[in-house]
Amino acid sequence: MLRTAEITAELTGLEESRHQLYWRSRLEFTLDCFICERTGRTTVFERGTEQALCSGSRSGFQRHHTAGRIAAFDTTSGRERLAVRALVDFWWAPFTDTRDDRRAAAPTSHPWVRLHLAYHCPEANEPGTGSVQTNLVRPHHLTCKHCDRRLGVDSDTPAVRLLG
């Protein structure tokens with residue numbers, strides 16, 4: 001069955017940064033994969049592609065394509081905040097994990113997400129990347145890898161909500 005998850009996140013404290021910070025259209029989301037029949041697989045989604053990439057497992061099933069896509073990707077930026085909202089469509093079917101004997105859920109029982117960012121450092125005249133994810137200690141301060149200035153603050157855990 002087709003399921004849709006809404007993923008949202010926000011950075012604040014951008015007023016000091018002149019780094020042209022923006023959300024990249026790639027995200028990683030933990031799903032239970034009915035193709036390799038494993039729970040808790042990191043699945044990579046890229047806006048514009050019609051398939052997602054499941055991480056597979058260390059033993060047996062390698063990385064493989066799975067039915068999933070970013071259906072919508074909206075960003076909001078202002079002087080002090082940068083927000084993102086992504087709708088992720090994925091196919092899900094019930095199964096029992098072939099290794100751990102756990103029943104699958106949609107989304108997985110412990111959803112994890114990583115959202116990617118990019119920026120340009122005006123001092124070093126170089127690009128940089130960063131990310132926020134659900135399992136970081138908050139507040140998390142993002143800093144430029146070139147000049148060590150603060151890019152923004154990740155105060156709240158990215159939210160994952162199953163819509164359908």
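The values are calculated or read from the model by the stated rules, or taken from the named source; none is laboratory data. Remember, it's a predicted structure, so these values are computed and weren't measured experimentally. When we count neighbours, we look across all protein chains shown, and the Cβ atoms used for this are built from the backbone with ideal geometry, even at glycine. For the accessible areas, the whole protein counts, side chains as well, though only heavy atoms, and no ligand, DNA or RNA atoms are used. Shrake-Rupley method; radii C 1.70, N 1.55, O 1.52, S 1.80 Å.
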Would you work out the charge dipole size for the range 49-164 about its Cα centre, treating the Cβ of every Lys and Arg as +1 and the Cβ of every Asp and Glu as -1, and quote it to the nearest 20 debye?
160
Find how much the distance from residue 18 to residue 47 grows on full extension, using 0.36 nm per residue of separation minus their present alpha carbon separation; answer in nm with one decimal.
7.8 nm
Pairs of alpha-carbon atoms within less than 8 angstrom and 6+ residues apart define the contacts here; what relative contact order does the chain have, in percent?
32
Given a 1.4 angstrom probe, what's the average accessible area per residue across the range 116-164, in square angstrom?
55
Can you give the FRET efficiency for residue 87 and residue 124, using 1/(1 + (r/R0)^6), R0 = 41 Å, r = Cβ-Cβ distance, to the nearest 0.05?
0.70
Counting only the backbone N, which residues of the range 1-43 are under 17 Å from the spot 7 Å out from the Cα of residue 150 toward its beta-carbon?
10-21
Translational diffusion coefficient of the chain at 20 °C, 1.002 mPa s, Stokes-Einstein with Kirkwood Rh over Cα pairs, in µm²/s as a whole number.
128
Return the carbon/sulfur percentage of the accessible area of the range 88-157, one whole number, probe 1.4 Å, all protein chains in place.
45
With label points built 7 Å along Cα→Cβ from the Cα atoms of residue 116 and residue 140, find their separation and express it in nm.
1.5
Run the simple label-point estimate for residue 74 and residue 62 please: 7 Å along Cα→C-beta, distance reported in nm.
4.0
Descending packing, highest mean Cβ count within 10 Å first, for 97-103, 7-13 is 7-13, 97-103
